[in-house]
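Since every read-out is calculated from the coordinates, none of them should be taken as a lab result. Worth saying up front: this structure is predicted, and the values here are computed from it rather than measured. Every residue, glycine as well, gets a Cβ built from its backbone with ideal geometry; the counts of neighbours run over all protein chains shown.
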Amino acid sequence: MLLNKSWWINCSLIRYSHTNDGTLPMKKLNITSYAPVQYRHDILSELGTIVTRCGGYVNDYNFFSDLAVSLQILGIRQPDTLTEFYQQLTMNMKKLRLDRQTVHILDNQSKSIDRYLLFILFQILFIDAKGDLRQNVPTVQN
């Protein structure tokens, strides 16, 4: 089990192929955001680019039809790359709106000088989604 009651994660269970920070403690950070459904693919592509640029990677993702997507992001460090990640989100992703509580948390954590790795659960809820990703394919006649 990765999370215990104090929200610290056992670092020995997480892969560190890109960093030597295995001795740093790990904290969980929840990010909630909203975006129009028609920009879904652009937002996910740009988010992946930003995560990579900041030294992290998307460890896992789950789509909930076209209503939402949940991504697990590893490799972002506080205070080194969290501030850069937050700035990239606000400057480069105009169609993505961060939740008010998320903005407050990111503001506070970006000012902190504590050093730790982050386990980020990034949730994007899509506005005007239909809840159905089925695409009708026309029948093929022989």
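Between A68 and residues 5 or more places away or on another chain, which pairs have amide H atoms under 5 Å apart, with H built 1.01 Å from N, and which residues are they?
Here F126 satisfy the definition.
Report, in whole Å, the centroid distance computed from the Cα atoms of the stretch 23-49 and the stretch 111-129.
Their Cα centres are 7 Å away from one another.
What is the sum of charges around F85, taking Lys and Arg as +1, Asp and Glu as -1, for the other residues whose C-beta is under 12 Å from the C-beta of F85?
Net of charged neighbours comes to 0.
Under the √(5λ) rule applied to the eigenvalues of the Cα gyration tensor, what semi-axes describe the equivalent ellipsoid of the stretch 23-127? Give them in Å, descending.
Here the semi-axes work out to 22, 14, 12 Å.
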